[in-house]
Amino acid sequence: MAKLNMVQAINLGMKQEMANDDSVIMLGEDVGVDGGVFRVTDGLQEIYGEDRVMDTPLAESGIVGASIGMALAGLKPVAEMQFSGFSYLAIHQMEGHAARYRSRSQGVWTCPMVLRMPYGGGVRALEHHSESREVLWAHNPGLKVVIPSTPRNARALIVAAIRDPDPVVFMEPKHSYRAFKEEVPEAEEVLPIGKARVVQEGSDLTVIAWGAAMRTVQKAAKAFGEKTGKSIEIIDLLTISPMDTETIVASVKKTGRCVIVQEAVRSFGPASEIIARINDHALMYLEAPVARVTGFDVVTPNFFREKMYVPTVERISDALNQTLDF
Amino acid sequence: MAKLNMVQAINLGMKQEMANDDSVIMLGEDVGVDGGVFRVTDGLQEIYGEDRVMDTPLAESGIVGASIGMALAGLKPVAEMQFSGFSYLAIHQMEGHAARYRSRSQGVWTCPMVLRMPYGGGVRALEHHSESREVLWAHNPGLKVVIPSTPRNARALIVAAIRDPDPVVFMEPKHSYRAFKEEVPEAEEVLPIGKARVVQEGSDLTVIAWGAAMRTVQKAAKAFGEKTGKSIEIIDLLTISPMDTETIVASVKKTGRCVIVQEAVRSFGPASEIIARINDHALMYLEAPVARVTGFDVVTPNFFREKMYVPTVERISDALNQTLDF
Amino acid sequence: MPRETIAEFGLEHLQILDDTGKLDAKLEPKLDDAHLLEIYRYMMLARESDKRMLNLQRQGRIGTFGPSTGQEAIAVTTALAMNDEDWLVGAFRELGARLVRGETLLGNLLLYNGCEEGNAVLPAEKRVLPINIIVASQNLQAVGLGYAMKHQGDKGAVVSFMGDGATSEGDFHEALNFASVWRAPVIFISQNNQWAISVPREKQMHSQTIAQKGIAYDMPCIQVDGNDVLAMHVAVTEALDRAHAGEGPTLIEAVTYRLMMHTTADDPRKYRSEEEENEWWEKEPIKRFRGYLEKKGLWDDKREEALLAELKAQIDTDVKEFESRTDFKVDAPFDYVYAEEPAEIAQQRTEFLESIGKEANHG
Amino acid sequence: MPRETIAEFGLEHLQILDDTGKLDAKLEPKLDDAHLLEIYRYMMLARESDKRMLNLQRQGRIGTFGPSTGQEAIAVTTALAMNDEDWLVGAFRELGARLVRGETLLGNLLLYNGCEEGNAVLPAEKRVLPINIIVASQNLQAVGLGYAMKHQGDKGAVVSFMGDGATSEGDFHEALNFASVWRAPVIFISQNNQWAISVPREKQMHSQTIAQKGIAYDMPCIQVDGNDVLAMHVAVTEALDRAHAGEGPTLIEAVTYRLMMHTTADDPRKYRSEEEENEWWEKEPIKRFRGYLEKKGLWDDKREEALLAELKAQIDTDVKEFESRTDFKVDAPFDYVYAEEPAEIAQQRTEFLESIGKEANHG
Ligand SMILES: Cc1ncc(C[n+]2csc(CCOP(=O)(O)OP(=O)(O)O)c2C)c(N)n1
Ligand SMILES: Cc1ncc(C[n+]2csc(CCOP(=O)(O)OP(=O)(O)O)c2C)c(N)n1
Ligand SMILES: [Mg+2]
Ligand SMILES: [Mg+2]
């Protein structure tokens, strides 16, 4: 076991899968010699060569469209978008093809590929480098959307994504890339896609989050628990789509109160879907409205004002208070 | 007053706005001589010339990107995507630029443009011609998303969209293009963007819908009302984003029960956001879970199986029953 | 180095059998009779299939489709020049090539009736992708296939078809650039049928040819008379040979004409004249090629009659089979969203089946 | 028409003042002294600004930015050849052009400090778009601006900058195609600095030049030594004259080198050698141009010293102003989503202001 940050952990998972399976190949802008602008593919080209770790021309639709062709031909492409903010140039390839080949051909064709992308705030970079738009992928049946929150689950989920028989959009919370380290076993670990994880059991209130917000939630919950003695259950969604309704509903039925924390803009975000599912299956258990702590419905500000946009410990605490006091 | 179908009504609105305002120009694939594949721009090139009604090369990002430039220069472009299924090639232009110019420059630059597109089922065409993905636009602050449901409101809303100082995605339910006619006054009519409309008052249950589903809802509600004597309130959303929470909440507070009908796939659809807002403002008024009658979470099937996908009178009636019986 | 020419590029046009039937014997490819007759047979099959489908569509028995009448030489000649290991990637106007590669009219009828079953007729091993409707997007898949072949040490190549309008899309450009950088064995064939729905070539692009767009990528490129079977055969064979030998991609502009409507939902009278269409009917490929076969003593009226009868019987069989199909699973869309069914989808399937009064059956 | 060459295309390269200081007097443009000195001054201002910004970034006083050191000749010469009515559309490596057009270092410091205020320094009338980060997407806006000018009977032109990597994007292609079809008055300038982050030109494209990509659109195109002020001036002026005269777009490849890191977040030692960088330092534009000025008797060490002092003072003023700014409205993002504030956003603003313990103030 080594203590790894998320960048190293994803790198480890990919390195091992490339060793396990010759058909796994990586492609994207600067993923080769440079090892990716965040170094997630660092060293892979040296080991596996330029044919399996490819620097592509600067064209997102090109990267994704070519990956689809590779997947149809039996390879398992893992494509990187340099930032999620540039992945929208390839939505038509994912919505129009990757998500559809299985349905389109009633199973004759399948498209097992992974589309990796760093997303969310936290790097003091320019415009387009801080958005959280997981819904743009999640609203497309045929795609899976996975978001890890720690080095260890990131490693176990990237392996699952590569092995998945369907296209997976793998969104990496870049704020968590180097924020902390965690023990990650050298030996293979795989987490199932489509399963949320209860990271802390509790009985008074459920908090649901994913990605970088998990750490803020844990901080807020710890302080809040210590101060109020309230018992908070925390769920890490891990897969945005298909969503694990069961775990969410079981928890809310138990606690009767729920706060959802998302970095995406509020309206039409994942939290709305979670609320809809609670409404479907646990409405009568609710003792207070489900609270949403989210990015605001604004154009994601540049980094100088990022803090006003991203959910903070304070805003989460307020929501916990209000939901418990309701 | 003439009886017009929705195609003729939108055409009328655009024709009048082009006469009112020299800076309004139309562009898109086949919008000129051909008048658009659905004939929505029919005759406009003859009146206003090739410089104001332009057949473009076949490139969606090109159409939208050029429209943004025109808007920055003071024109008011109304761009057509031939089908919403091809609009995803231009999401990066809308998400990345049209939605952002005002914020990016603290109001120095603005981007008043309309992006029109037929969407939804109903024309027995090939793949990509039947989807409802309004959320892919609505989840982007800075964009407005408008969906008319009848010839008369379509005309009044396209005029509002053209005059709006911000970019508007105007989604036309193609199933309603020629399905029915309505009296449309020759004299100018404008409906405010951002306001839903109560099309039928009632006290037992609220149904919320938009676009082509409105007609199905009205049929279902009529039959249901006649059979059960229940009093159903019907809300036509008209603007998806920014959403008119007030009208929704007032109605649900009154009726305590709500069914939402959307043609989009269920998960992460507009109905989820509506439920989230009901949760925020009217949870304690609910006497039953809000029901969603939606397209299923599948790849939108080709037209042979379209009927299984699109909400039907039967599925709406079932939901009304269940929600009232809860 | 002051103001100085640093590069020069030439562009070739290839025609062997012209529209008056005149043959350039020096350039004539040595094709055996069986191959020539097969080309003719498949062109005729495609043409007759179009007629029947148009009929069915007008009667409401199938939905919208795009006829390929007038463009048969390109698709058929190309497909017959390919090896079985070569991939066929099409847009939506290459019926002849699909038929050559083993697709049936039945599959096409199913597809144009809105049944996904129509894309499930050929197994993946046959290396024929389903039709691609998002204009130009298929070219990138072709590059991915080509790279995969190269990577796997596979000797084949990929042929990727598109229209003239398709060359305006960003995906066209990205595909040609990727293919040239990766030296991927892909032959891009742009069927320049002069129109993209109502938009004529000269409003689509300012360049006089599509072929010259290859120069942007230092990619071998050529303009070919797409209504000339012999020229198409030569150009495609050269490109395939290069691809098979590891020498990378080629761009072929095949000049032709869309003799009919864009799709059955379109009315060309809105935007072009009958005279223009008639001029191009004079240059259409089947008549021209039949003249060539006749001169070679390979064809005559009797053989034509026999072929037509045979094709009619074949088409009848497919149409009959199509109309007798009843085994359509109503909840099939739930089956193919993912390999494994998530709980939410299982529940929605149940909801659906209950709504139509049937038992859940996860068959 | 058998196998026959139907078109030929030549490609020119332009250099007037080479990297050894040798001048091609026949091609030398007749620029007055003031203009020459202005070019030099703005190149120096851009270079010195880069140095200061790098300093500030290393101290954490601003965020990531991309230096343009080594590429100043392209941006500055171009901007000084333009009229005020011409539009400037940039990517993110044209600081010199922005300074010429009236942007201040202050604006850039604000922007690179993550403040939208940095894009609000110049009024829209100045016709300078904010930086564009989505690679190549700005070219389409340039085409739209160009069309609008033409449509409104405006005599101006649009200059649109991009990198070499940018030519791989679909938007590059769509923009050049639209511009050529519409005969829009747009000059596309690709700053070929040999690298797109870590990807060298030869992995970006298979073509030997970027200029030849213009042939795909029958668009006038030329490769220019982008480190040669005189060549840049001639090429841009020709292109602007054509655009102003209604003769449509031009593609200019300006060959240069990114002498520093891609952005401050990048480490070139991962992927290229110091030797390569040193070779290009020999060809850099400022030294070369200074030699030209000196030969003309327009420059010497004393004048250099004075200029440096002057620029330092100017930069100091902007940095001081930047560091003294405190008037940042914390809830500004709510102000600019739409012209009119929807109820939901008003409510979220209140929620936000309450969370930070302030009163709602919709100022
Ligand atoms: C990306 C995209 N945009 C628009 C369409 C609608 N559309 C279908 S075919 C077509 C014209 C295609 O023209 P061309 O490439 O010349 O092919 P042809 O139909 O002439 O064979 C258009 C605009 C589409 N299918 N995909
Ligand atoms: C669409 C898009 N993809 C990726 C990026 C990330 N990125 C920023 S600059 C850059 C390289 C640009 O190279 P080039 O066009 O040569 O310009 P240069 O930086 O050399 O000036 C990349 C990949 C981006 N900004 N936009
Ligand atoms: Mg065509
Ligand atoms: Mg570069």
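The values are calculated or read from the model by the stated rules, or taken from the named source; none is laboratory data. Given the structure is predicted, the values throughout are model-derived calculations rather than measurements. When we count neighbours, we look across all protein chains shown, and the Cβ atoms used for this are built from the backbone with ideal geometry, even at glycine.
Residue-level analysis places residue A:64 outside the set of residues that are at the interface with another protein chain (Cβ under 10 Å from one of its Cβ atoms) and touching a His at 6+ places or on another chain (Cβ under 8 Å).
The set of residues in region D:173-210 being at the interface with chain C (Cβ under 9 Å from one of its Cβ atoms), of a type in the set (Ser, Thr, Tyr) and within 16 Å of ligand 4 (Cβ to nearest atom) consists of D:207, D:209. Out of (1) surrounded by 22 or more Cβ atoms within 10 Å (Cβ to Cβ); (2) of a type outside the set (A, V, I, L, M); (3) not in a helix (DSSP H, G or I), what's the single condition that is false for residue D:20? Failing condition for residue D:20: (1).
Within this structure, residue B:100 fails the test of being surrounded by fewer than 24 Cβ atoms within 10 Å (Cβ to Cβ) and in the same structural domain as residue B:166 (by TED's automatic domain parsing). Considering only region B:282-311, state which residues are in contact with a Ser or Thr (Cβ under 7 Å, 6 or more places away or on another chain) and more than 18 Å from residue C:328 (Cβ to Cβ). B:288, B:291, B:295, B:297, B:311 - these are the residues of region B:282-311 that are in contact with a Ser or Thr (Cβ under 7 Å, 6 or more places away or on another chain) and more than 18 Å from residue C:328 (Cβ to Cβ).
Confirm whether residue A:204 is outside the structural domain of residue A:114 (by TED's automatic domain parsing), at negative phi and crowded, with 18+ Cβ neighbours inside 10 Å. It is true that residue A:204 is outside the structural domain of residue A:114 (by TED's automatic domain parsing), at negative phi and crowded, with 18+ Cβ neighbours inside 10 Å. Looking across B:217, B:298, B:261, B:290, one residue alone is under 20 Å from residue B:316 (Cβ atoms), surrounded by 24 or more Cβ atoms within 10 Å (Cβ to Cβ) and either assigned by TED's automatic domain parsing to the domain that holds residue B:129 or in contact with a Cys (Cβ under 8 Å, 6 or more places away or on another chain) (or both). It is B:290. Reported count of residues in region D:1-17, each being assigned to a strand (DSSP E or B) and either within 7 Å of chain C (Cβ to nearest Cβ) or surrounded by fewer than 17 Cβ atoms within 10 Å (Cβ to Cβ) (or both), is 11. Per the listing C:142, C:157, C:91, C:124, the residue uniquely without any contact (Cβ under 8 Å) to a residue 40 or more places away in the chain and more than 16 Å from ligand 4 (Cβ to nearest atom) is C:124.
Residue A:211 falls short on exactly one of the conditions (1) out of contact with any strand residue (DSSP E or B) (no Cβ under 7 Å at 6 or more places or on another chain); (2) assigned by TED's automatic domain parsing to the domain that holds residue A:292; (3) buried (at least 24 other Cβ atoms within 10 Å of the Cβ), and that condition is (1). Residues in region B:111-122 that are within 11 Å of another protein chain (Cβ to nearest Cβ) and under 17 Å from the mean Cα position of the chain (by Cα): 2 in all.
Is region B:59-66 home to any residue that is within 16 Å of ligand 3 (Cβ to nearest atom) and surrounded by fewer than 24 Cβ atoms within 10 Å (Cβ to Cβ)?
Checking region B:59-66: not a single residue is within 16 Å of ligand 3 (Cβ to nearest atom) and surrounded by fewer than 24 Cβ atoms within 10 Å (Cβ to Cβ).
From the list B:162, B:91, the lone residue that is closer than 30 Å to residue D:90 by Cα, out of contact with any Cys (no Cβ under 6 Å at 6 or more places or on another chain) and more than 16 Å from ligand 1 (Cβ to nearest atom) is B:162. Looking at region B:163-245, the strands (runs of 3 or more DSSP E) lying wholly inside it that each contain 3 or more residues that are in contact (Cβ under 8 Å) with a residue 12 or more places away in the chain and of a type outside the set (Ser, Thr, Tyr) sit at B:168-173, B:182-184, B:197-200, B:205-209, B:232-236. For residues in region C:150-167 being more than 18 Å from the chain's Cα centre (by Cα) and among the small types (Gly, Ala, Ser), which is farthest from residue C:239 (Cα to Cα)? Among those residues, the one meeting the criterion is C:153. Note on region D:220-274: residues that are among the aliphatic types (A, V, I, L, M), more than 14 Å from chain A (Cβ to nearest Cβ) and assigned to a loop (DSSP other than H, G, I, E, B) total 3.
Can you pull out the residues in region A:14-69 that are in a loop (DSSP other than H, G, I, E, B) and among the basic types (Lys, Arg)? A:39, A:52, listed by residue number. Answer yes if at least one residue in region A:271-278 is under 30 Å from residue D:329 (Cβ atoms) and not in a helix (DSSP H, G or I), and no otherwise. Scanning region A:271-278, I find no residue that is under 30 Å from residue D:329 (Cβ atoms) and not in a helix (DSSP H, G or I), so the answer is no. Count of region B:70-88 residues, restricted to those that are within 10 Å of ligand 1 (Cβ to nearest atom) and in a loop (DSSP other than H, G, I, E, B), is 3.
For the residues B:261, B:252, B:293, the requirement of being modelled with pLDDT of 95 or more, in contact with a Lys or Arg (Cβ under 7 Å, 6 or more places away or on another chain) and not small (Gly, Ala, Ser) singles out B:293. The residue that is nearest to the chain's Cα centre (by Cα), counting only those in region A:49-92 that are of a type in the set (D, E, K, R) and within 26 Å of residue A:173 (Cβ to Cβ), is A:80.
If you check residue A:137 against the conditions, is it in contact with a helix residue (DSSP H, G or I) (Cβ under 6 Å, 6 or more places away or on another chain) and either farther than 29 Å from residue B:97 by Cβ or away from ligand 4 (no atom under 16 Å from the Cβ) (or both)? In short, no.
Report yes if residue C:170 is surrounded by 24 or more Cβ atoms within 10 Å (Cβ to Cβ), among the small types (Gly, Ala, Ser) and within 16 Å of ligand 2 (Cβ to nearest atom), otherwise no. So residue C:170 fits the description; yes.
Within region C:32-44, is there a residue that is out of contact with any strand residue (DSSP E or B) (no Cβ under 9 Å at 6 or more places or on another chain), more than 16 Å from ligand 4 (Cβ to nearest atom) and not in a helix (DSSP H, G or I)? Scanning region C:32-44, I find at least one residue that is out of contact with any strand residue (DSSP E or B) (no Cβ under 9 Å at 6 or more places or on another chain), more than 16 Å from ligand 4 (Cβ to nearest atom) and not in a helix (DSSP H, G or I), so the answer is yes. Every condition in (1) under 18 Å from the mean Cα position of the chain (by Cα); (2) within 30 Å of residue A:42 (Cβ to Cβ) holds for residue D:267 except the one numbered (1).
Of all residues in region D:180-224, those satisfying the criterion of being within 30 Å of residue D:150 (Cα to Cα), in contact (Cβ under 8 Å) with a residue 40 or more places away in the chain and of a type in the set (A, V, I, L, M) are D:184, D:186, D:187, D:189, D:210, D:211, D:215, D:216, D:219, D:222, D:224. Within the bounds of region D:58-77, is there any residue that is under 19 Å from residue D:252 (Cα atoms), more than 16 Å from ligand 4 (Cβ to nearest atom) and surrounded by 23 or more Cβ atoms within 10 Å (Cβ to Cβ)? Yes, that holds for at least one residue.
With the condition kept exactly as written, say whether any residue in region D:284-302 is within 16 Å of ligand 2 (Cβ to nearest atom), assigned to a helix (DSSP H, G or I) and crowded, with 16+ Cβ neighbours inside 10 Å. Yes; the residues of region D:284-302 include at least one that is within 16 Å of ligand 2 (Cβ to nearest atom), assigned to a helix (DSSP H, G or I) and crowded, with 16+ Cβ neighbours inside 10 Å.
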